[in-house]
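Enquirer: Right, I'll just put the structure down here and ask away after.
The values are calculated or read from the model by the stated rules, or taken from the named source; none is laboratory data. Given the structure is predicted, the values throughout are model-derived calculations rather than measurements. Here the Cβ positions follow ideal geometry from the backbone for every residue, glycine too, while neighbour counts run over all protein chains shown.
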Amino acid sequence: MNPEELEALTETLKEKAAAQHRLRVPFRDIQSQSHRHVLDGAIKNALATELAQFTYAQIIDGLPTGDVCFDRRFPHVFGEHPIDSCHDELCPGALEKAQEYYLQWDSGILTFDPMTIEKYQHAEIGSRVFKTRLVELVAVALHEIAVLLFQLDFQLHRGGKADIDYVTNWRIPASELEGLVDVPPRPTLFSHHAYLDADIYPNGVADIVGYWAEDRILGGVAIFDRRAETSSDTPLPNIYFHSCRHKQTYRVYQLRDDQQEALFAFLLAETDCPPPEPNPLPILSDAQNRAQVT
């Protein structure tokens, strides 16, 4: 594909993504009160976890902590990258801001794909389709929350915007490049190696951040096998994760049925403060996750 064809394809995909995003409907469009109540509770259960609040606090801060930045299969940070030494912990106020955000949470600010909402609210509560759609909507919510926080541009990092930009855009000095490849920095350190198409995503770089948050909280970007919704011959599990964590498989892996059921139980629990126990998040792969997409 030549550069002109690639540019045309990128523009087409961008327009399609934007058109699809414009069709999204607000949370209140879930007409079934019981389905709306369950989804609201599931989102709050996820947001109540220390992991979710720490993840969103990093976005509020403006930089991930050094250990989180390097806890990626392809971290895209090299050599003496300043994130390794300048940001061992969150800056003052970031975690408190994230906790305040959770305490004041209102799911009414979220929007969803109308087809997903329709299928969710017409699914029998407790059914396989219902639970699968619930996980999908929670994943979308976690993604959109990250997008919103990134767009709010809090940047509570003690060094301010200038330091955030310096750390984000740092690259190995030319004088140290002998024998090395000069790899340009990504637009944000909040990134999953497989979801970097800011030139296509409707929210641009903010969507890269959204995929990163989804991965950090759930254990991977959630992907779904739709065949299980229409065929009684396809048993659970039908949910896949695509993880970016270090020492995790780079492949998309299918959640085992016990992992899936643990996630369902957590999201459907009636309490969110404190978060339900046991808390399975993040759900990571191991040798038993044999079903993988290569």
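Enquirer: If you scan the range 69-101, which residues turn out to be modelled with pLDDT under 95, at negative phi and under 19 Å from the mean Cα position of the chain (by Cα)?
Expert: C69, F70, D71, R72, R73, F74, P75
Enquirer: Let me ask something else about it. For residues in the range 47-66 being closer than 14 Å to H143 by Cα and of a type outside the set (A, V, I, L, M, F, W, C), which is surrounded by the fewest Cβ atoms within 10 Å (Cβ to Cβ)?
Expert: Q53
Enquirer: Here is a further query. Return the only residue of L51, L9 being assigned to a helix (DSSP H, G or I), out of contact with any strand residue (DSSP E or B) (no Cβ under 8 Å at 6 or more places or on another chain) and without any contact (Cβ under 8 Å) to a residue 24 or more places away in the chain.
Expert: Being assigned to a helix (DSSP H, G or I), out of contact with any strand residue (DSSP E or B) (no Cβ under 8 Å at 6 or more places or on another chain) and without any contact (Cβ under 8 Å) to a residue 24 or more places away in the chain holds for just one of L51, L9, which is L9.
Enquirer: Among the residues of the range 202-226, write down those that are in a loop (DSSP other than H, G, I, E, B) and either touching a His at 6+ places or on another chain (Cβ under 9 Å) or under 12 Å from H143 (Cα atoms) (or both).
Expert: Hits for the range 202-226 are P202, N203, G220.
Enquirer: So, one more: Here is a check on your reading of the model: is P64 in a loop (DSSP other than H, G, I, E, B) and either in contact with a Leu (Cβ under 8 Å, 6 or more places away or on another chain) or β-branched (V, I, T) (or both)?
Expert: Yes, satisfied.
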